Every structure is written in structure tokens, then in C-alpha cells.
Amino acid sequence: MLTRDDIRKVANLARLEFSDSELAQFTEQLGKIVTFVEQLGEVDTTGVAPLAHPLEIHSVVRADQPREGLSRESALANAPNQDHEFFLVPPVMAR
């Protein structure tokens, strides 16, 4: 069972300040949450496979399929600066 001191300690760690009425409200609300989580721990899950998500999700993105890439000539065709083998770019660091 959570106490006001527990809530006050967590609030202090999070650098939060609450009034006495807020502490009382949060103590009650968080106590209910903790009780519910404890109930979930009592459920028999023998034979149930772990899930990453409660719903079946299918990717809407197409599968990757290998295919031919661009030829060197095609890749360099619209380059503003090239030497028929590489893209030419301004130097990033001076020597």
C-alpha cells in the first residue's frame, strides 16, 4: 500500500512539489493503479506466448526485393561536378 511519504519521495526525486490535497489525491489514485497491476500479476499465463503488441500488426510497407542499381553513367548523368568516375564535391576541411 502506498503512503503519502512514498508519493512525496517520488515527487521529490522528480523535482515536483504538491500540496497536501494533491498528495492525498495522488496517493489514492496511484494506490489503485498499483493494486490493479498486482492483480494482473495473479493471472495464470501458462502457455501464453509473450507479445510485443496486443494486436496483430502487419507491415504495410512492401518487402525489400533486390534489383539492379543505377549504372555509373546514369548516376553521374545529372551531377553538377563529376569526372566520369566520381562525384566531385568541394573540400570539407582545408589542409
### Query
Taking the Cα-to-Cβ direction at GLU73 and at HIS58 and moving 7 Å from each Cα, how far apart do the two end points lie in nm?
4.3
### Gain in span if fully extended, LEU51 to THR35, counting 0.36 nm per residue against the direct Cα distance
3.5 nm
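If you filter segment 10-53 for GluC sites (Glu not before Pro), then keep DSSP loop positions with at most 12 other Cβ within 10 Å, what is left?
Details: sites: GLU17, GLU22, GLU28, GLU38, GLU42; in loops: GLU17, GLU42.
Filter output for segment 10-53: GLU17, GLU42.
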### Summary
So for segment 11-78, using the alpha carbon gyration tensor with a ≥ b ≥ c as root eigenvalues (a/c under 1.5 gives rounded; past that, a/b versus b/c decides prolate or oblate), I'd call it oblate
### the chain, helix-only ellipticity at 222 nm - DSSP H runs n ≥ 4, -39,500 (n - 2.57), divided by all residues, nearest 500
-12000 deg cm²/dmol
### Query
Normalised by the residues of the chain, what does the relative contact order come to in percent, with Cα pairs under 8 Å and at least six apart?
15
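Quick note: the coordinates plus some simple rules give every number you see, no bench work behind them. Fair warning: this is a prediction, and the values are worked out from it, not measured in the lab. FYI the Cβ positions are ideal-geometry reconstructions off the backbone, even for glycines, and counts take in every protein chain you see.
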